[in-house]
Amino acid sequence: MKRRTFLKGSAAAVGGAVALGFDLKEARAEMRELKIARTTETRSTCPYCSVSCGVIIHTLGDKAKNAVPQVVHVEGDPDHPINRGTLCPKGASLEQDIRNERRLLKPQVRRPGSDHWEDIDWDSAIDEVGRWIKNTRDASFIEKDPKGRTVNRCESIAWNGGCTDTNEFNYLVVKTMRSLGVCFLENQARL
Ligand code: SF4
């Protein structure tokens, strides 16, 4: 059978199913309901671009004893004012990103001169980041500009935000970075 003939046949079969009283739309809706029947919903933001579409992540098994929670479905959030339930192909593939076995789940560090990344626990990572910020700021803080005017700025640290950062998070970033004297701040569209 040629591809075109097959497609024609399939279309006829679908038409036939409706004519015979099978409503495929309802069947598909039922399938979707079965898939997410026992899941919990978590509202989140698509991490891929600064459009920041809202998503609902469905997780199975996160309330059951001894069960490993697993994300089984991700869809656009119909109540979200930005995307109203729609997702582009990248956002629609988010489930594969979440379940990807190569996804990083803990911080890593690449030491000076090293050719590889090492895992590091969260507490150590936060300590190290804090220590590097302090050392860098202490070594490079500018109190006065060449004309003797007080500027209190730190030009050797920059902050680059990610697209899942919320306005509230970005507010805290600006307050924290400005208090350190950091001038170079960049965030995505929502700030
Ligand atoms: S779904 Fe597409 S448009 Fe929306 S935030 Fe994700 S990548 Fe951007």
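Read the figures in this text as sums done on the coordinates, not as results from a lab. Keep in mind that what you see is a predicted model, and the values were worked out from it rather than measured. With ideal geometry, Cβ positions are generated from the backbone for all residues, glycine too; neighbour counts draw on all protein chains shown.
Checking every one of the chymotrypsin sites (Phe, Trp or Tyr not before Pro) in region 107-166 against DSSP loop status and a limit of 12 other Cβ atoms within 10 Å picks out 117.
In terms of its alpha-carbon gyration tensor, region 126-166 comes out oblate; a/c meets the 1.5 threshold, while b/c is at least as large as a/b. Looking only at region 48-191, where both bridge partners belong to it, what percent of the DSSP beta bridges are antiparallel (to the nearest 5)? The antiparallel proportion sits near 70 percent.
Compared with the direct C-alpha span, the chain from residue 171 to residue 68 gains 33.6 nm at full extension, assuming 0.36 nm per residue. Which of the three applies to region 101-191, rounded, prolate or oblate, going by the alpha-carbon gyration tensor with a ≥ b ≥ c and a/c under 1.5 meaning rounded? Cα axes put region 101-191 in the oblate bin.
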